[in-house]
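As structure tokens, the structure follows; a few thoughts come after it.
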Amino acid sequence: MCLVAVATQPLGAQRLPVGDADESYLRVLQILGRVPIGTSMLVRPLPMSAATDSATDATRHPWAGRWGTTHTVMQGRIEVDDPQFQGIYLSAFPENGNEGALTPGRYLTTALQGGASLRLGRLTVSLRPMAAWVQNGDFELAPVKVSGQPKYAYPWRRIDEPQRFGPDPFWQFDWGQSEMRLDLGPASVSYGTTNMWWGPGTQNAILMSNNAAGFPHATLETSHPLDIGIGRLEALWMFGRLQGTQWFDSTVADNGRYITGAALAYTPTVKALRGLSVGVGRVFYAEVPPEGLGAGEYLLIFQTPLKAAFATGDNHTGDDTRDQMISLFGRWVFPESGFEVYGEWARNDNAWGFREYFLTAGNTAAFTLGLQKATPLSGGDVLVLSAEATRLDNPNDSRAWPNPPYYEHGFVPRGYTNKGQIIGAAVGTGGTAQFVGAELYAPWGGASLYARRQLFDLDAWLQTKQAGVPTSDVIDGALSLGGTYTWFRGSWDLQASLEHTLEFDRYRRYLNDVENVRLSLGARLRLGLMHRLAGAPPALRR
């Protein structure tokens, strides 16, 4: 047994990275009612204090005593990150999703991340980079259908999402979850490359996720949920720049793309609505014009969502050179029953007017629906059952209206990507996915089993099928079965995961079925726990 009671040091300097195990665990504690729903979990990253303030003794939850621990030096001015190592082996072809800057290739990928944060009064400077080596082994590529694109490019449409990042092994370095932040009471301003996640999904977020590397961006946001009398409010505005890859059409000038957006979450404090949180997000992205950006580009979130306002004699349809998406989302937690249900609905294009919004609500719409059920077991263990479904392909009314696919845009050739990966849902443009899983949390660590079904770019498949292309008669889809095992050993969190994927009709070629095995090994050194275990009796160090 490695569990000991730990007096944490909630410095509050760092943020809890999107996708961190402690972030997922905090959500489980909310569902169980073990911690108050102080944050909606709809606009992330969260302050580290969301975890450290909730870390209590071992009688409250299975990971108490090691979860939310921090390690500080220099009288608490410096907070040191837990160093983390990961090794990934992929047998047949690259697969990745929600791994931030990491882009695993075929065969071996190794990654190391860590860092520290310095607190100087109201200013926090966090350096939390990631370095990786990717073997990037060779595998069969799909023939590229778009003229001008190199053979490594995305095969079915014009978007900067390469099938393979070139022919050779490569090193990756990314600033990861680094930022400078100035706290100004209820608000804070920051600049950095942290990943953001908007919405309630655990597998997919339509507007903003950690599926790609965090892009350089400035933010103005609430520093913590604000009490506004009728509930708590969380808000964020951001403006950033997106980076392309060299594996895109070289004849297309890359002047850079800018991205701006905002997210808002509200948690009512009315007793009848206890556990409910709702939110809205909106993003714009576009090419940077040669003359530079005007002041109005920074305030696009206030632009009307009606195309009629932009119609002119030369532009009867009200189209513009920017792509915009809007999303409504929410989650409802029922701690008495250990249950939560959540959903997100998004739209990929403006409507002409409110009448069109009402009559064609499914036009360019995407959605995520999910639920989780947490059950305490004997011995202090917790079992979590979850299910989630996401759909981004165009609905049936696309036969009547020319609906743009998610993350692709005619005026922004590289699309909604950063460093070759989609910023939004891991399911990808035109994709659909269903996920079911079971996860066990225990004082010794944990384990999980899951199954995922995914269909790839149905919009591109439908376009070619409607055009009468004979080779487009089959859909490319995959079934994945996997599991993880986490083991606490002293101050180490050790994890192994194994996933088997069978992709049917890969590259839309009938009976071209390909199997892929993904093996991942990870280790995390809990520095705060190590410091406290150093003086503990030997029986507690195991």
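What follows is calculated from the coordinates using simple rules that are stated; it is not laboratory data. As the structure is a prediction and not an experimental result, all values here were calculated from the model. Using ideal geometry, Cβ is built from the backbone for each residue, glycine included, and neighbour counts are taken over all protein chains shown.
Here the label points at Arg122 and Ala253, each 7 Å from Cα along the C-beta direction, are separated by 4.2 nm in the simple model. The Leu511 and Thr375 beta-carbon pair, evaluated with R₀ = 45 Å, returns a calculated FRET efficiency of approximately 0.60. Taking amide H as placed 1.01 Å from N in the peptide plane, Thr194 has its amide H under 5 Å from the amide H of Ser178, each at least 5 places away in sequence or on another chain. A Förster distance of 35 Å, applied to the separation of the beta-carbon atoms of Leu383 and Phe504, puts the FRET efficiency at 0.65. A crude spin-label estimate for the pair Glu140 and Arg453, with each label 7 Å from Cα along the Cβ direction, gives 2.5 nm. Exposed loop positions in the chain were taken to be GluC sites (Glu not before Pro) whose DSSP state is not H, G, I, E or B and which have at most 15 other beta-carbon atoms within 10 angstrom. Between these positions, the longest stretch is 337-542.
Each of Gln454, Leu127, Thr70 was placed along the dipole of the chain (beta-carbon charges, centred on the mean Cα), and the one lying farthest toward the positive end is Thr70.
For a label point 7 angstrom out from the Cα of Leu184 toward its Cβ, which stretches of the stretch 230-261 have the backbone nitrogen within less than 13 Å? Under 13 Å, as judged by backbone N against the label point of Leu184, lie 237 of the stretch 230-261.
With q set to 0.06, 0.09, 0.13 Å⁻¹, the log10 of I(q)/I(0) for the chain, from the Debye formula over equal scatterers at the Cα positions, is -0.29, -0.67, -1.48.
Near Glu499, once Lys and Arg are set to +1 and Asp and Glu to -1 for all other residues with Cβ below 10 Å from its Cβ, the sum equals +1. Take the Cα of Tyr298, go 7 Å toward its beta carbon, and the backbone nitrogen atoms of the stretch 229-270 under 19 Å from that spot belong to 236-242, 257-263. In this structure, the amide hydrogen of Ala425, modeled 1.01 Å from its nitrogen in the peptide plane, lies closer than 5 angstrom to those of Ala205, counting only residues at least 5 positions away or on a different chain. Label-to-label distance for Ser91 and Trp444 is 2.8 nm, based on points extended 7 Å past Cα in the beta-carbon direction. The amide H of Ala153, built 1.01 Å from its N in the peptide plane, has Gln163 as neighbours under 5 Å, considering only residues 5 or more places off or on other chains.
For the stretch 114-130, the Karplus equation 6.51 cos²θ - 1.76 cosθ + 1.60, evaluated at θ = phi - 60°, returns couplings of x, x, 7, 10, 10, 10, 10, x, 8, 9, 10, 10, 10, 10, 9, x, 10 Hz by residue, with Gly and Pro reported as x. For the stretch 218-303, the list of trypsin sites (Lys or Arg not before Pro) that fall in a loop by DSSP and count at most 16 other C-beta atoms within 10 angstrom reads Arg274.
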